[in-house]
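Step one of this worksheet: look at the structure below.
Please treat every number below as a calculation from the coordinates, not as lab data. Predicted model, so just to flag it, every value in this text is computed and none were measured. Ideal geometry is used to build each Cβ from the backbone, glycine not excepted, and the neighbour counts take in all protein chains shown.
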Amino acid sequence: MNLAEPDFALGALPTTLRLPRGTFAFRLTHRFTRPIADGTVGDFFEDFFGFDAAARIGMEVRYGIWPGTQVNVHRTNNRAIQFMGQQNLFAQTDTRWVSAQAVVAVEGADNFTEDFSTTVGGVISRQFKARGAVYVQPLFVWTTNPAPDLNGLPEHTMVLGVGTRLRIGPSKWYAVVEAAPQIAGYKTGIDHVSLGLERRSGGHLFQVTVTNALGTTMRQVAQGGVREGDWYIGFNLSRRFF
């Protein structure tokens with residue numbers, strides 16, 4: 001167990017945790033679609049903190065092809081499917097301050113039959129022994145604009161993902177923060193931000209998250225949220241099988 005980097009993702013953005021060859025992991029993402037601030041405080045409790053609302057759900061399976069190389073498939077219940085591969089470039093050592101991985105993802109709508117998008121980028125991390133890690137992720141995402149012929153805006157988006165996971169004392173609890181500001185190209189909506197509190201238990205990691213966007217694929221993250229001030233409750237559940 002890597003106490004500084006216990007999972008393959010923060011909220012939606014990837015980390016540099018390596019997956020051993022021939023092993024796999026599973027992740028479930030769940031975002032309730034009711035904004036926290038809709039209605040009154042009483043309405044929020046009556047809706048059981050938003051749990052009565054519909055949800056954006058994602059299911060992911062990750063597999064280690066060979067040392068330093070992993071692939072995953074992630075499907076959301078709006079019928080988007082993303083295939084992603086990560087290749088380790090170099091690992092943090094006593095003489096090298098950071099780890100780096102290359103990331104390539106391809107996403108298609110309607111069960112990967114139309115409206116395709118490609119993401120190319122990288123993940124750079126710095127671990128602090130057993131205390132946690134920080135991340136920087138330059139990502140170029142093609143075809144983020146849903147109607148370039150109509151709105152005349154760029155078709156693609158450059159985002160700079162940043163995030164951290166910090167262990168709370170000597171416990172199994174972690175605080176997680178991530179953001180993916182749109183820094184070039186097609187920029188609309190609200191930059192993706194996610195805050196989380198999670199607990200590790202053996203090979204499981206459970207995270208309660210509050211986020212301003214519902215997306216969990218690279219294109220969805222790059223497109224960000226829809227309305228300023230909307231925040232949603234959700235959770236992630238991951239399981240390593242090694």
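A few points about this structure:
- Sorted ascending by nearby beta carbons within 10 Å, beginning with the fewest, Lys129, Lys187 become Lys129, Lys187.
- Cα-projected label distance for Ile183 with Val226, points at 7 Å along beta-carbon direction, nm: 2.9 nm
- Cα→Cβ-extended label distance, 7 Å offset, between Trp173 and Phe116, nm: 4.6 nm
- Each of the peptides 227-233, 108-114 was scored by the mean count of other Cβ atoms within 10 Å over its residues; in descending order, highest first, they stand as 227-233, 108-114.
- Percentage relative contact order, the range 46-191, counting C-alpha pairs under 8 Å, at least six apart: 13 percent
- Mean residue ellipticity at 222 nm, helices only, the chain: -1500 deg cm²/dmol; runs of at least 4 DSSP H residues each add -39,500 (n - 2.57), and the sum is divided by the number of residues.
- Using Cβ point charges alone (K and R +1, D and E -1), the dipole size of the chain about the Cα centre works out to roughly 1280 debye.
- For the chain, projected area of the alpha-carbon convex hull averaged over all directions, nm²: 13.6 nm²
- Dipole orientation for the range 24-241: of the candidates Leu28, Ile168, Val141, Ile168 has the Cα lying most toward the positive pole (charges on Cβ; Lys, Arg +1; Asp, Glu -1).
- With the Kirkwood sum run over all distinct C-alpha pairs, the range 48-143 has a hydrodynamic radius of 15.5 Å.
- Across Thr211, Thr143, Thr15, mean-square fluctuation computed from a Gaussian network of the chain (C-alpha pairs under 10 Å connected) peaks at Thr143.
- Remark: His192, His156 ranked as His156, His192, counting other beta-carbon atoms within 10 Å and listing the fewest first.
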